[in-house]
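To keep things clear, I will list the structure first and then write my remarks on it.
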């Protein structure tokens, strides 16, 4: 059985699950974020209770998801109970996919999670794998920050902050209060390396870099993922296959074959 988990609105996950269903090679179970399953571990057998259906975890041979996302809390809860429901939902999903990773192919759950959830740790990990990454500086020392060349940088806290030019003014002195992460934002041609299991789909980078990209993603426990390069530097990691990637029939077929015939 192949387990898909995520939001029904996630076009990539839905498209891949429907494609696998149409191929009829293995049974498919699509778990929506809208319905949190009951997880029984310690019983014999361990399994999932999904509505009126019990699924033995040993029957799940491969897993694909759009990221571990917390299901929405039931309506009518006070803020304390909402926080509790979110925490327990998160912990349950981590336990589920951690359990399955010992017996099934889990295509895109990053491990260890603390590496991929920190921008600095992620780029440091990719650099150790031999991939070129943008220059970064973590400092609470204004003179060190001013030593950076006059290039476009961004602070990576929050990570969603858009790139902006470095401004050398009095505000920079405020970093004495806490370390700030500055990251160079490369400008130039964009390329992408996508991996599906052992297969590499490369949009123009040297083969040696593409192989290092595969090694780096595999080292994070990712078997369906991609790296974006700008001017030769890694700028983004996708832990799942996007709809745009799945528009490529070769990638779509490779993803289905990986889930249908886990090693």
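The values are calculated or read from the model by the stated rules, or taken from the named source; none is laboratory data. Treat the numbers as computed from the prediction; the structure is a model and nothing was measured. Here Cβ is always computed from backbone atoms with ideal geometry, including for glycine, and neighbour counts include all displayed protein chains.
Filter segment 1-36 down to residues that are at pLDDT 90 or above, outside any loop (DSSP other than H, G, I, E, B) and in contact with a strand residue (DSSP E or B) (Cβ under 8 Å, 6 or more places away or on another chain), then give me how many there are.
Residues in segment 1-36 being at pLDDT 90 or above, outside any loop (DSSP other than H, G, I, E, B) and in contact with a strand residue (DSSP E or B) (Cβ under 8 Å, 6 or more places away or on another chain): 9 in total.
With the structure loaded, tell me whether residue 97 is part of a helix (DSSP H, G or I) and under 21 Å from the mean Cα position of the chain (by Cα) or whether it fails that test.
On the way: part of a helix (DSSP H, G or I): yes; under 21 Å from the mean Cα position of the chain (by Cα): yes.
Spelling it out, residue 97 is indeed part of a helix (DSSP H, G or I) and under 21 Å from the mean Cα position of the chain (by Cα).
Counting just the residues of segment 234-253 that are in contact with a strand residue (DSSP E or B) (Cβ under 8 Å, 6 or more places away or on another chain) and not in a loop (DSSP other than H, G, I, E, B), which one comes out nearest to residue 210 (Cα to Cα)? Give the derivation first.
Keep residues of segment 234-253 that are in contact with a strand residue (DSSP E or B) (Cβ under 8 Å, 6 or more places away or on another chain), which gives 234-242, 245, 248, 250-251.
Retained after the next criterion (residues that are not in a loop (DSSP other than H, G, I, E, B)): 234-238, 245, 250-251.
Details: 234: 11, 235: 15, 236: 15, 237: 14, 238: 15, 245: 16, 250: 17, 251: 16 Å.
Ranking the qualifying residues of segment 234-253, first place goes to 234.
I need every pair where a residue in segment 185-207 that is free of Cβ contacts under 8 Å to residues at least 60 places away in the same chain and on the phi < 0 side of the Ramachandran plot has its Cβ under 6 Å from the Cβ of a residue that is part of a strand (DSSP E or B) and surrounded by fewer than 17 Cβ atoms within 10 Å (Cβ to Cβ), sequence separation at least 6 or different chains.
185/152; 186/230; 190/230; 192/228; 194/201
Give me a count of the residues in segment 95-113 that are at pLDDT below 90 and in contact with a helix residue (DSSP H, G or I) (Cβ under 7 Å, 6 or more places away or on another chain).
Here is the first cut: in segment 95-113, the ones at pLDDT below 90 are 95-103, 108-113.
Next cut, in contact with a helix residue (DSSP H, G or I) (Cβ under 7 Å, 6 or more places away or on another chain) only: 99-100, 103, 109-110.
Residues flagged as at pLDDT below 90 and in contact with a helix residue (DSSP H, G or I) (Cβ under 7 Å, 6 or more places away or on another chain) within segment 95-113 amount to 5.
Residues being modelled with pLDDT of 85 or more and either surrounded by 14 or more Cβ atoms within 10 Å (Cβ to Cβ) or under 21 Å from residue 108 (Cα atoms) (or both): count how many of those fall in segment 177-189.
First, pick out the residues of segment 177-189 that are modelled with pLDDT of 85 or more: 186-189.
Still in the running and either surrounded by 14 or more Cβ atoms within 10 Å (Cβ to Cβ) or under 21 Å from residue 108 (Cα atoms) (or both): 186.
Result for segment 177-189: 1.
Do the conditions hold for residue 133, that is, is it under 19 Å from the mean Cα position of the chain (by Cα), at pLDDT 80 or above and more than 30 Å from residue 188 (Cβ to Cβ)? Reasoning before the result, please.
Numbers: under 19 Å from the mean Cα position of the chain (by Cα): yes; at pLDDT 80 or above: yes; more than 30 Å from residue 188 (Cβ to Cβ): no.
Answer is no for this residue.
Going through 33, 21 one at a time, which residue ends up being surrounded by fewer than 20 Cβ atoms within 10 Å (Cβ to Cβ), farther than 15 Å from residue 243 by Cα and within 19 Å of the chain's Cα centre (by Cα)? Talk me through it step by step, then tell me what you get.
Values: 21 fails: within 19 Å of the chain's Cα centre (by Cα).
On inspection, the qualifying residue turns out to be 33.
Within segment 138-148, can you find the residues that are touching a helix residue (DSSP H, G or I) at 6+ places or on another chain (Cβ under 7 Å) and within 30 Å of residue 205 (Cα to Cα)?
Of everything in segment 138-148, just one residue is touching a helix residue (DSSP H, G or I) at 6+ places or on another chain (Cβ under 7 Å) and within 30 Å of residue 205 (Cα to Cα), namely 138.
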